[in-house]
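I have placed the structure first, in the form of structure tokens, so that the comments after it can refer back to it.
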Amino acid sequence: MARIYIDADSLPERHRSIVLRRIVGKTHSAWFVADRSLKDVERAIEEDKRLRRAPFRDTLTREEARKIGSEIHMIVVESGADSADDEIVRIAEAPALAITHDIPLAARLLEKGLVVIDDRGGRYEEGSIRERLSERSNNKVFREMGLFDLPSKRFDERTIQRFAAAFDHSIIELDKNNIPK
């Protein structure tokens, strides 16, 4: 069973819906961490509970069935710089998948041994994360000096498909590598 940690503060709703569709009712555990409750995640938690309880509807009492919870979790942290990031790092355990476009958070999670993908379908690698951190730092200095500010690329259909494919590939890889031998 793969564990998934999502930096949900910055993950667009369309991306969250891709993740949620693939995990509701499945054996994967997911932690969405944000500084606010996300209605789409809350609805998915209720749907996940319903699907997990359904096979036991005729064999368990209503009270016993209600003890069956969801494997999807919504963690709401206090607002503040890096509060969601710090919580993800605190709870994350390898082997697992993390989703974030925050490069410093990705570096921290890579150090813990997690597979980390971004919201555009890219995969962070230990060999290149230092370079990405350096680029980020340089770009911040240039922005502060007023020299330039690179606009973010919009999420087009191809980008969303790349994210979905990277997510699917990462989950399959984690599941395959963590089968007891």
Please give the Cα centre distance for segment 1-63 versus segment 74-114, rounded to the nearest Å. 18
In 5 Å bins starting at 0, how do the alpha-carbon pair distances of segment 25-120 split up by percent? 2, 12, 19, 19, 17, 12, 8, 6, 3, 1
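First compute the accessible area of segment 1-81 with a 1.4 Å probe, then give the percent of it belonging to carbon and sulfur atoms. List each step's numbers first, then the result.
On the way: 2290 of 4650 Å².
Exposed carbon and sulfur together represent 49 percent of the surface.
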So how far apart, in nm, are the two label points at HIS169 and SER17 if each is 7 Å from Cα heading toward Cβ? 2.4
To the nearest Å², the heavy-atom accessible area per residue of segment 64-119 with 1.4 Å probe amounts to 45
For the pair ASP86 and GLU42, how long in nm is the line joining their label points, each one 7 Å along Cα→Cβ? 2.5
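Can you compute the FRET efficiency between PHE155 and ALA54 using 1/(1 + (r/R0)^6), with r the Cβ-Cβ distance and R0 = 25 Å? Round to the nearest 0.05. The partial results should precede the final answer.
Numbers: r = 34 Å, r/R0 = 1.37.
Here the calculated transfer efficiency is 0.15.
Quick one: net charge around ARG66, please, counting Lys, Arg +1 and Asp, Glu -1 for every other residue with C-beta under 13 Å from its C-beta.
Here the charged neighbours net out to +4.
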Could you check the spin-label model distance between ALA94 and GLU111? Points 7 Å from the Cα along Cα→Cβ, value in nm. 1.3
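The values are calculated or read from the model by the stated rules, or taken from the named source; none is laboratory data. From a predicted model like this one, the values you see are computed outputs, not experimental measurements. Cβ: placed from backbone, ideal geometry, glycine included. Neighbour counts: every protein chain shown. To get the accessible areas, we keep the full protein, side chains included, count just its heavy atoms, and leave off ligands, DNA and RNA. Shrake-Rupley method; radii C 1.70, N 1.55, O 1.52, S 1.80 Å.
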